[in-house]
Amino acid sequence: MPTQSVLIVDDEPDIRELLDITLSRMGLKTHSAATLGEAKAVVAEVTPDLCLTDMRLPDGNGISLVEYIAQNFPHIPVAMITAHGSVETAISALKAGAFDFISKPIELETLRKLVSTALQLEDDTSRTEKAVDQDLIGSAPAIQTLRQQISKLARSQAPVHIHGESGSGKEVVARLIHNNGPRAAGAFVAVNCGAIPPELMESELFGHMKGSFTGASQDKIGLFQAAAGGTLFLDEVADLPLAMQVKLLRAIQEKSVRPVGANEEQSTDIRLLSATHKDLAKEVEAGRFRNDLYYRINVIDVHVPSLRERLEDLPALAEALLQRIAAEEGNDNARLDDSTIKALSGYSFPGNVRELENMLERALALSDGESITADDLQFSSNAPRGPVVQSSENVGGSSPAGSAQEAYGDLEGYLEDIERQILSTALEECRWNKTATAKLLGISFRSLRYRLKKLALDD
């Protein structure tokens, strides 16, 4: 394999020499340039595998070089060397297409990690594009634009904020960015910020030391460290408490964290992706989200379209989801009836792709045959369009116990409690023999298995 090369662009001889020594010890060949003009000439002549450039150059700035390489040599990653604490410069470089940035004074270990990650990028971008095409189903214009964004962002280390309605597939997009980038071999750590109690938030993200608080019986690494060498995905980031937002901002800017109870900070090496179904700009205006953190995590903004925005993709998407669900059940013959597609097309899908997936999983579990028809579908009564199918088996002809008044405000939860009680009683009567239980209730075994899974009674 030929030796990889790095172009160093800086007008300070000492910096060029330091970088040259460090990279040479990594087994890399180096080229140097002191000006913007020299750098462009070297890039055109030797087409290096990576370019490291200072921001300030005698005849221009590093941003111009980033833009020049991005336009003419898009396969060459560029990393910007910025002044310490110059967040605006770093963000401008990332927006212009820089792979990453590193601040002065340069920490050699951080530099080595950056260079190693950048050199793992493939020159052939077509492989990434094909991989994204396979995993992101659909041909609607919004999906085609999203594919292009993912392919481009997979080659960058810039923080990306993904926004879209609940259930639209934000985590799918985040995983595609991770899986098709240089950190694919590292961990993808996803955390729902709204699901962590505020008092445990710092410990979960940054870790803690033994004895740092009551119940801390041993050291614990945080999610930042668990994602080292990979990607940390902060879902529903708008739900972070303001006090935690301050600490997150510092962790991002300093690329280090301090576990609860620790005296020293620990360096981190992560790609940060975030998402929310809320409008972050409005959250900032309302004072619920810090403007400086918004500016830092929203370097690149990606919109995931709702299912309503790409209904032309519904047939292909429904078929792909059904085949995946059926494969997990060991069913190779499941298919969608024409009436099913017609019924689905007339529905608004307030829960987006996640709702479609749940609907198909439920329909497959409750269907009598291999073909799913419109009669097997159950639509939400809250949706503004589409049919509503009433369903529920009245076991033994008796009415469920309890007052309907309890259902106000949480009808779904109320009905699930009733169903859970009926299933539990039937299981106990049949000594947890599921075949006998299904027969007792007058439903199919597949239907019973689905209901037990839905209600967490299958353990």
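For the stretch 42-59, indicate whether the set of residues that are assigned to a strand (DSSP E or B), within 21 Å of residue 152 (Cβ to Cβ) and of a type in the set (S, T, N, Q) is non-empty. Checked the stretch 42-59: at least one residue is assigned to a strand (DSSP E or B), within 21 Å of residue 152 (Cβ to Cβ) and of a type in the set (S, T, N, Q). For the stretch 338-356, a residue qualifies if it is surrounded by fewer than 19 Cβ atoms within 10 Å (Cβ to Cβ) and within 17 Å of residue 168 (Cβ to Cβ), and the qualifying residues are 348, 350, 354.
Scanning the stretch 1-58 for residues that are touching a Lys or Arg at 6+ places or on another chain (Cβ under 7 Å) and among the small types (Gly, Ala, Ser), we see that the one that is farthest from residue 121 (Cα to Cα) is 32. One residue alone among 81, 162, 177 is surrounded by 21 or more Cβ atoms within 10 Å (Cβ to Cβ) and within 21 Å of residue 293 (Cα to Cα), and that residue is 162. Residues in the stretch 192-229 that are surrounded by 14 or more Cβ atoms within 10 Å (Cβ to Cβ) and either among the acidic types (Asp, Glu) or under 19 Å from residue 298 (Cα atoms) (or both): 192, 193, 202, 204, 219, 224. All of 62, 138 fail the test of being within 28 Å of the chain's Cα centre (by Cα) and open to solvent by less than 40 Å² (accessible area, probe 1.4 Å), apart from 138. For the condition touching a residue at least 60 places away in the same chain (Cβ under 8 Å), more than 26 Å from residue 279 (Cβ to Cβ), in a helix (DSSP H, G or I) and open to solvent by 20 Å² or more (accessible area, probe 1.4 Å), residue 113 qualifies.
The values are calculated or read from the model by the stated rules, or taken from the named source; none is laboratory data. The structure displayed is predicted, hence computed values, not measured ones. Quick reminder, even Gly has a Cβ in these numbers, built from the backbone with ideal geometry, and neighbours come from all protein chains shown. Heads up: the accessible areas ignore ligands, DNA and RNA and are worked out on the full protein's heavy atoms, side chains in. Shrake-Rupley method; radii C 1.70, N 1.55, O 1.52, S 1.80 Å.
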